[in-house]
Structures are given as C-alpha cells and as structure tokens.
Amino acid sequence: MQLDDAQKQKVSTWIEEGATLSDVQNRLDQEFGIRLTYMDVRFLMGDLRLAPKDPEPPAAAAAAESPTTTAPDAATSLDEKGGDFAEPDEILPPGSGPAGNVQLVVDQITRPGALISGKATFSDGKKAAWSLDQMGRLGMVPDVEGYRPPEADVVAFQKALEKELLKLGF
C-alpha cells in the first residue's frame, strides 16, 4: 500500500504525538479507509523511517515531576536501587570487624546458564565458584563441601560483585 505525501505527513505527526503502532493502524482505517495488518504498519514505519516513542514508565514520570529527586550514582548500593545487596551495617552486628579480604575474578567464558560467573577467594583462603543467572539469583559452589564463608567475607563479596557488575554494565 502506497501512501501519498499528505498521508505520510499525517502518520509522522501521529508518531510524534506518541501514537503506538495500534493507534496508527486504527487511525489509518478510520481516517483514510486503509486497512493494514499490524505487521504491515510495522513495515510502513520502517519505510518511513519512523519509530514509535516508548511510553514513559510511571516511576520515571513521577521522578521527572519531582525536582528534589536525584538519580542514583554508580556508588549507590544495589539495595538502595531495589536490589538484593545490603549495606554492611545492616548485616554485621555492632562491634564486628571490617569486611573481610575477598578476591573476586570474573570468568572470561561464562558458565552455561549463567549471565555472569567467576571465582572468589575468601579471607581464610577457601575458594568458591559463583554465578549469577538471568533471574538475578546468585549461586555459589565452594571447593570444600559444606563451607560457609565468614559473614564479613559475604559482605565483602557482595561489594566486590556489585563493583564488577557496574563495570560490566549490569
């Protein structure tokens, strides 16, 4: 189906106003009597080099309206962003020492079924393989069966993993 220049301009205006592909499909039928399938409308958008605007998520709209809201920076913990990691003060009881010395290495070749994987060496010298799947679940397989790292090492591991994930853009 070929549209004339006026019709193409009208479709461009609809898209600029925030119309979805379904809206364009319905308007083409109502205003011009042109019945197209959804896929045909998608092809039409490609031919016209138009892309519908993504709707703004409600949380982003509310944040944009509030001038006191600031975007979190990379140093903000994942817990503050709604993730699973917590600050050390929330995990360690008062009087506990600083977080342990944990070394974290990301695998060059990710394990099957994992989004990211690697190895960790804890402060007591014990090692464990770790992986993070597409659902955000952390798995850890220690070299010694039944091994549980000290609580301070868990915090240090979480911090190191958070830094690695931020570096990699996750």
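The values are calculated or read from the model by the stated rules, or taken from the named source; none is laboratory data. Note that this is a predicted model, so its numbers are computed, not measured. Neighbour counts run over all protein chains shown; Cβ positions are idealised from the backbone, glycine included. These area figures cover heavy atoms from the full protein model, side chains too; ligands, DNA and RNA do not enter into them. Shrake-Rupley method; radii C 1.70, N 1.55, O 1.52, S 1.80 Å.
Taken over the stretch 11-27, residues that are open to solvent by 40 Å² or more (accessible area, probe 1.4 Å) and in contact with a Phe, Trp or Tyr (Cβ under 8 Å, 6 or more places away or on another chain) amount to 4. The residues of the stretch 149-170 that are out of contact with any strand residue (DSSP E or B) (no Cβ under 8 Å at 6 or more places or on another chain) and not in a loop (DSSP other than H, G, I, E, B), listed by number, are Glu151, Ala152, Asp153, Val154, Val155, Ala156, Gln158, Lys159, Glu162, Lys163, Leu166, Lys167.
Results for (1) in a loop (DSSP other than H, G, I, E, B); (2) open to solvent by less than 50 Å² (accessible area, probe 1.4 Å); (3) at pLDDT 90 or above; (4) in contact with an Asp or Glu (Cβ under 8 Å, 6 or more places away or on another chain), shown as yes or no for each residue.
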position: Thr70; (1), (2), (3), (4): yes, no, no, no
position: Leu78; (1), (2), (3), (4): yes, yes, no, yes
position: Pro94; (1), (2), (3), (4): yes, no, no, no
position: Thr110; (1), (2), (3), (4): yes, no, no, no
position: Trp130; (1), (2), (3), (4): no, yes, yes, no
position: Met135; (1), (2), (3), (4): yes, no, no, no
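Would you say Glu56 is surrounded by fewer than 14 Cβ atoms within 10 Å (Cβ to Cβ) and modelled with pLDDT of 85 or more? Give the steps one after another, and end with the answer.
Details: surrounded by fewer than 14 Cβ atoms within 10 Å (Cβ to Cβ): yes; modelled with pLDDT of 85 or more: no.
No: the conditions fail for Glu56.
Just name the residue that is modelled with the highest pLDDT out of those in the stretch 23-38 that are in a loop (DSSP other than H, G, I, E, B) and under 36 Å from the mean Cα position of the chain (by Cα).
Step one: filter the stretch 23-38 for residues in a loop (DSSP other than H, G, I, E, B), giving 33-37.
From what is left, the residues that are under 36 Å from the mean Cα position of the chain (by Cα) are 36-37.
Values: Leu36: 84, Thr37: 88.
Only one residue tops the list, namely Thr37.
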